[in-house]
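Beneath this line is the structure, given in C-alpha cells, with notes to follow.
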Amino acid sequence: MEENKAVTETSSNENATTAHSSDGSMGMSSQSGKSEAACKGSKKDDPRSSRLKLYEKVIEKSLESFMDMSSSDRFSSMFHKVYKINPQRMENVHKQFVDELRKAIKDDIRKLNEEAGLESKLNELDTLESAAKINPDPAWRPSGVPEQDFSSFIKPLYAKQEAYLQREIKKIQGENAALAQKVQAGRERIAQTEDRISTAVTEWQASATEFERLSSSLCTADLFDL
C-alpha cells in the first residue's frame, strides 16, 4: 500500500511539473509573441524614412556589385606571377585592398550625402507624400494649354511682387512725408532766426542812431565854449 501511495504521489508530482512547464512554455510563447509584436511596432515606427532606407539598400547593392568586380580571381589573374611566388601574401594584400576600397567608397558617399542634405530632403519628400495622401483635394494637373498653365503659375508671383512693391512705395512715401515735415520745420526755424536777427539789427541801428544823435547834441561847440 505504501509503495502504491508513493507511486501515486510521484505521478501526481510529475503531472504538476508537466502542467507547470506547459504553463511556463505558454507564458514564454506569449511573451515571445509580445516581444515580436513590439519589434514589429518598433520597425513600423522607425524614424528613418522609407525613401532613405530604399536609397541605402540601393547603394549597398550597388557597392556589393562593384566590389564583386574586385574579386580574388580577378586580382590573381592580374598579378598571377606574384601569386605564384607568394599566394598567402597576395591574399592578404587583396583583402586589405578590398577593405580600404570599401571604406573609401563609403566615406565618399557619406560626405556627398551630408553636403547635399539628402536625408532631410528624402524625409521631406515622405512628409509631402503623407500630406498628399491625407489631403482630399485633387492635386494640380496641367490643362493642356501652356498659356493658361503658365499664367496660373506666374500670376500669383506677380501679385506677390506687386503687393511687395506697394508696401515699399507706402513706406517710401511715409519716409518722404516725414522728411518733408522736418525740412519745413527747419525752414520755419531759419525764418524765425532771420526775423530775430533782422529785429536785433534794426534795434541796434536805432540804438546807434540815437547814440549818435545824443553824442552830437552833447558835443556842440556852445556847450564846451569857455
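The values are calculated or read from the model by the stated rules, or taken from the named source; none is laboratory data. Note that the structure is a prediction, hence the values are computed from the model and not measured. Backbone-built Cβ (ideal geometry, glycine too); neighbour counts: all protein chains shown. The area values use the complete protein model at the heavy-atom level, side chains included, leaving out ligands, DNA and RNA. Shrake-Rupley method; radii C 1.70, N 1.55, O 1.52, S 1.80 Å.
Under the combined filter of DSSP loop state and at most 12 neighbouring Cβ atoms within 10 Å, the range 129-193 retains these chymotrypsin sites (Phe, Trp or Tyr not before Pro): TRP140. The P(r) of the range 40-198 has a tail past 27 Å containing 68 percent of all C-alpha pairs.
Counting only protein heavy atoms and a 1.4 Å probe, the range 86-226 has 88 square angstrom of accessible area per residue.
Over the range 108-226, with every protein chain in place, what whole percent of the accessible area is carbon and sulfur at 1.4 Å, could you tell me? Before the final figure, lay out each step's value.
On the way: 6530 of 10790 Å².
About 61 percent, which is the carbon plus sulfur part of the accessible surface.
Once Rh for the range 46-136 is found with the Kirkwood sum over Cα pairs, what is the Stokes-Einstein diffusion coefficient at 20 °C and 1.002 mPa s, in µm²/s? Don't jump to the answer; show the numbers that get you there.
Working: Rh = 16.1 Å.
My calculation gives 133 µm²/s for D.
Computed on protein heavy atoms with a 1.4 Å probe, the accessible areas place LYS84, LYS182, LYS171 in the order LYS84, LYS182, LYS171, largest first. When the surface is traced with a 1.4 Å probe over the full set of protein chains, LEU157 keeps roughly 80 Å² accessible. Structure shown: which of LYS61/LYS103; LYS53/LYS103; LYS61/LYS95; LYS53/LYS121; LYS57/LYS95 lie over 18 Å apart, alpha-carbon to alpha-carbon? In this structure, LYS53/LYS103; LYS61/LYS95; LYS57/LYS95 lie more than 18 Å apart at Cα.
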